[in-house]
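A quick write-up on the structure given underneath.
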Amino acid sequence: MWCPAQSTAAGAVNSGATSGANYFTPSAPSDILQRSLDEVRITVGNVKLDKWKKGNVRDEAGTNIDAIQRDLQGTLPALLKDADSAPGTLTKVLPLSRNVDALYDVMVHVVEASRVVGTGDIVGQLQQALNDLEKARVVLDNQIQQTADMQEKQVIDLRTTVQKQDASLRAAATPPPAPKCPTTTTTTRRKRAAKPAATPGANSKPAGNPSTPNKPQ
């Protein structure tokens with residue numbers, strides 16, 4: 001009885017895991033981000049800082065542009081490669097997401113600086129690149145959230161299935177209780193009381209020879 005129960009429960013575990021795994025298949029992060037990252041790289045590369053008004057704002061924008069280019073050429077490619085190798089693994093995708101968030105924040109500062117000291121033609125290009133990066137970032141964050149929800153559901157379903165399996169195995173391993181024997185009713189018979197011996201009555205004659213009548217004188 002134990003083996004079939006174990007096999008059935010194990011099949012239920014595999015079935016639940018398979019159905020959960022087919023529920024959502026995440027896309028490769030590079031498919032989501034690559035176009036917007038290329039747009040940022042080209043747009044930032046087209047910035048002519050020498051045409052911007054001199055000052056601290058322009059200097060800070062130059063520092064931020066250098067940081068963006070270093071990130072796009074050095075750090076991000078490795079993070080994208082790791083995330084693409086396991087798009088459903090949060091430990092691989094979250095570092096990429098944090099890096100893209102930081103890149104977006106730096107781009108915001110560059111766009112703001114361009115509005116203050118930059119030329120009119122580059123402001124629109126930087127703003128468009130920022131908007132496209134924001135859209136891609138939202139798509140990636142939504143996919144991360146969906147992946148986390150899927151994995152949480154798989155854990156809950158697996159825990160429920162294992163609990164049911166354990167209950168089934170316990171029930172199969174526990175022998176049924178032995179049937180109770182019918183109770184024998186003992187009938188106590190009353191002993192009949194012995195009848196008392198008959199007492200000789202007044203008219204009864206004593207035992208022995210019968211009396212002889214008196215002879216006439």
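Bear in mind these aren't lab numbers, they're just calculated from the coordinates by the rules spelled out. Since the model is a prediction, treat every value here as computed from it, not as a measurement. Because the Cβ atoms are built from the backbone with ideal geometry, glycine has one as well, and the counts that use them run over all protein chains shown.
Set the Förster distance to 45 Å, then compute FRET efficiency between ASN56 and PHE24 from the Cβ-Cβ distance, nearest 0.05. Calculated transfer efficiency: 0.40. For ALA86, nonlocal amide neighbours, meaning residues 5 or more places apart or on other chains whose placed amide H falls under 5 Å from its own, do not occur. The residue list VAL116, LEU49, THR25 was ranked by how far each Cα lies along the charge dipole of the stretch 2-173 toward its positive end, using unit charges on Cβ atoms, and THR25 comes out on top. One decimal place: the segment LYS180-GLN73 gains 30.4 nm when fully extended, by the rule 0.36 nm per residue minus the C-alpha distance.
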